[in-house]
Amino acid sequence: MYEWQMQIQRIVDEIDSCIKNQNGEALTLRALSRTLGYSEFYTTRKFKEISGMQFRDYLRRRKLAFALKEVRDGSKSLLNIAVEYGFSSHEAFTRAFKSAYGVTPSEYRRRPRPVVLRTKINPFDRYFLGLGEIGMLKSTEDIKIYFVTIPAHKFLHVKNYESNGYWDFWQKQSLIPGQDCETVCGLLDSIKGKLDDDGGSEVNSGSGQLMAYMNDPDGRLCDWGFPRTECYGVRLPADYRGEVPPQMLMADIPEAEYLVFEHGPFDYEQENRSVEEKIEKAMADFDFSDTGCCFDTSTPGRIIYLYYDPERYCKYVRPVRRVE
């Protein structure tokens, strides 16, 4: 099973690459099965066993997810978008789009609203597989520590009062109707204007989604000594007026000072745990002498952001307050 989880991850990554590059010839079950060296029947059976859905259904939903962002953000005609993403006609594209999102492409272009995109599956996600590191490599990047002032913004999110960590968060969220990982990430991925979205049509990649920890009297007592509630969401402009999905919350975050602990790029499979431990130690050992401030662990509503993208960085953005 371990081997096939890696193999299916190869297919998933290749599907996204082919869609982005409009390489239709390589985006067939025959071509992908040949890449793995297995029959089409065996490949589709293992794909469904691991991902929980048929190969053709996943492929169709991923094409629609990429197409939706073209409809939302671009100026191409709907017919051109339909052709680029492999639909036989404008009508076929419209039917598939409405079946998936409950609205036609033209209606969505006129009035974008949150919809559940088919986000990219990650069958080889080490968090969910419960795997540790393969090995320990010494990091080549030190922790960068710096102060920033973050302007006022909004935070659209779901929260869980009982969870403890990323894996446990989504396990508990899966028990709440409409708040499972696929639904929440799909909704957030469809929202335009996210402050941390690096743009482009690379669906569910650098899409501005992040974990956060809110100072909350009703939350769990964390290792840092204050009650917190774990959240997952996106930062939005302070003047955002878009629709808020019914299962989500919108928080107004005022302008404030933060202290950032940032590690550079690292090997996810081999360094993940050691990087986390290194950042945790840097936060615990930080000397606030002569800075005139301290971590803000007493003000309800203050929020810690965790930015996690191994190809770029892992960083905690922690709120601080001035001391007399």
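The values are calculated or read from the model by the stated rules, or taken from the named source; none is laboratory data. Keep in mind it's a predicted model, so treat the numbers as computed, not measured. Neighbour counts are summed over all protein chains in view; Cβ atoms, including those assigned to glycine, are modelled from backbone coordinates with ideal geometry.
Scanning region 162-185 for residues that are touching a helix residue (DSSP H, G or I) at 6+ places or on another chain (Cβ under 7 Å) and of a type in the set (Asp, Glu) gives Glu162, Asp180. When residues in region 161-178 are screened for being in a loop (DSSP other than H, G, I, E, B) and either among the hydroxyl-bearing types (Ser, Thr, Tyr) or buried (at least 20 other Cβ atoms within 10 Å of the Cβ) (or both), 3 of them pass.
Out of region 93-112, which residues are of a type outside the set (A, V, I, L, M, F, W, C) and in a loop (DSSP other than H, G, I, E, B)? Explain how you work it out, then say what you get.
At the first step, the residues of region 93-112 found to be of a type outside the set (A, V, I, L, M, F, W, C) are 94-95, 98-99, 101-102, 104-112.
Across region 93-112, the qualifying residues are Gly102, Thr104, Arg111, Pro112.
When you look at Phe266, is it within 20 Å of the chain's Cα centre (by Cα), at pLDDT below 90 and of a type in the set (A, V, I, L, M, F, W, C), yes or no?
Values: within 20 Å of the chain's Cα centre (by Cα): yes; at pLDDT below 90: yes; of a type in the set (A, V, I, L, M, F, W, C): yes.
Against the criterion (within 20 Å of the chain's Cα centre (by Cα), at pLDDT below 90 and of a type in the set (A, V, I, L, M, F, W, C)), Phe266 qualifies.
The single condition from (1) out of contact with any helix residue (DSSP H, G or I) (no Cβ under 8 Å at 6 or more places or on another chain); (2) surrounded by fewer than 16 Cβ atoms within 10 Å (Cβ to Cβ); (3) not hydroxyl-bearing (Ser, Thr, Tyr) that Glu269 fails is (1). The set of residues in region 89-126 being of a type outside the set (Lys, Arg), surrounded by fewer than 18 Cβ atoms within 10 Å (Cβ to Cβ) and at pLDDT 85 or above consists of Ser89, His90, Glu91, Ala92, Thr94, Ser99, Gly102, Val103, Thr104, Ser106, Glu107. Here Leu129, Leu137 are screened, and the one residue that is modelled with pLDDT under 80, of a type in the set (A, V, I, L, M), over 20 Å from Pro265 (Cα atoms) and not assigned by TED's automatic domain parsing to the domain that holds Tyr166 is Leu129.
For Arg113, the conditions (1) in contact (Cβ under 8 Å) with a residue 40 or more places away in the chain; (2) in contact with a Gly (Cβ under 8 Å, 6 or more places away or on another chain); (3) closer than 18 Å to Ile19 by Cβ are fulfilled apart from (3). From the list Glu243, Glu311, Glu324, Glu276, the lone residue that is within 25 Å of Cys181 (Cβ to Cβ), surrounded by fewer than 18 Cβ atoms within 10 Å (Cβ to Cβ), out of contact with any Gly (no Cβ under 6 Å at 6 or more places or on another chain) and free of Cβ contacts under 8 Å to residues at least 40 places away in the same chain is Glu276. Within region 296-321, being in a strand (DSSP E or B) and more than 18 Å from Ile145 (Cβ to Cβ) holds for Ile303, Asp309. Condition test on Lys172, is it charged (D, E, K, R) and modelled with pLDDT under 90? Criteria not met by Lys172. Restricting the first member to region 25-53 and to residues that are outside the structural domain of Ile15 (by TED's automatic domain parsing) and assigned to a helix (DSSP H, G or I), and the second to residues that are at pLDDT below 80 and among the acidic types (Asp, Glu), no beta-carbon pair is closer than 6 Å while six or more apart or on different chains.
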